[in-house]
Amino acid sequence: MNQSRRGSWLGRYVRGVVGVLNMSCREHAELLSRQLDQRLEPGQALGLKLHLCVCRGCRAFGASLRRLRSLTSTLRDELERGEGMPEAVREKISRSIIEKQQKEV
C-alpha cells in the first residue's frame, strides 16, 4: 500500500473514531441498532467499542438489543417449525389488543 492510500485510509479511520466518540448516547444507540444489520466502518466500530467501555447505559442498551434479536430469531424459528404460540395465547393477545384499541377511541 503506498503512502497516499495508507494516509487516506488512516485519516478516514481516525475521523470515524473521533466522530463516534463525539456522538451523544442517543446516536450511539442508533449505531448499536445499525450494527445488528450491517457492518460499521472500522473507525466507527472502534469508536463505539471505546464508548461502550465507559458508558453503562449504552452497554445495557446493546445487551437488550442483542437479547431481543435472539428472542425474535428463536420465535421465528419456532413459528417456521410450527411450534408457535398455542391458539389460546394468540386469542388472548388479540383480545387484549382489541380492548386497548377500543379504550383509546
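The values are calculated or read from the model by the stated rules, or taken from the named source; none is laboratory data. Keep in mind it's a predicted model, so treat the numbers as computed, not measured. Reconstructed Cβ throughout: ideal geometry from the backbone, glycine too, with neighbour counts over all protein chains shown. When the accessible area is computed, the model is the full protein with side chains, heavy atoms only, and any ligands, DNA or RNA have been set aside. Shrake-Rupley method; radii C 1.70, N 1.55, O 1.52, S 1.80 Å.
Points to keep in mind about this one:
- Residues (closer than 24 Å to residue 69 by Cα and in contact with a helix residue (DSSP H, G or I) (Cβ under 7 Å, 6 or more places away or on another chain)) located in the range 5-34: 20, 25, 28, 29, 31, 32, 33
- Listed by position, the helices (runs of 4 or more DSSP H) enclosed by the range 1-74 that each have at least 2 residues that are under 13 Å from the mean Cα position of the chain (by Cα), acidic (Asp, Glu) and at pLDDT 90 or above are 25-37.
- Condition broken by residue 48, with the remaining ones in (1) open to solvent by 60 Å² or more (accessible area, probe 1.4 Å); (2) touching a His at 6+ places or on another chain (Cβ under 8 Å) satisfied: (1)
- Residues of the range 83-105 that turn out to be open to solvent by less than 70 Å² (accessible area, probe 1.4 Å) and not in a helix (DSSP H, G or I), as a count: 1
- Options 73, 64; residue that is open to solvent by less than 100 Å² (accessible area, probe 1.4 Å) and farther than 30 Å from residue 22 by Cα: 73
- Among residues of the range 1-21 that are of a type in the set (D, E, K, R) and open to solvent by 90 Å² or more (accessible area, probe 1.4 Å), those with a Cβ under 8 angstrom from a residue that is modelled with pLDDT of 90 or more and not in a helix (DSSP H, G or I), sequence gap 6+ or separate chain, pair up as 12/41.
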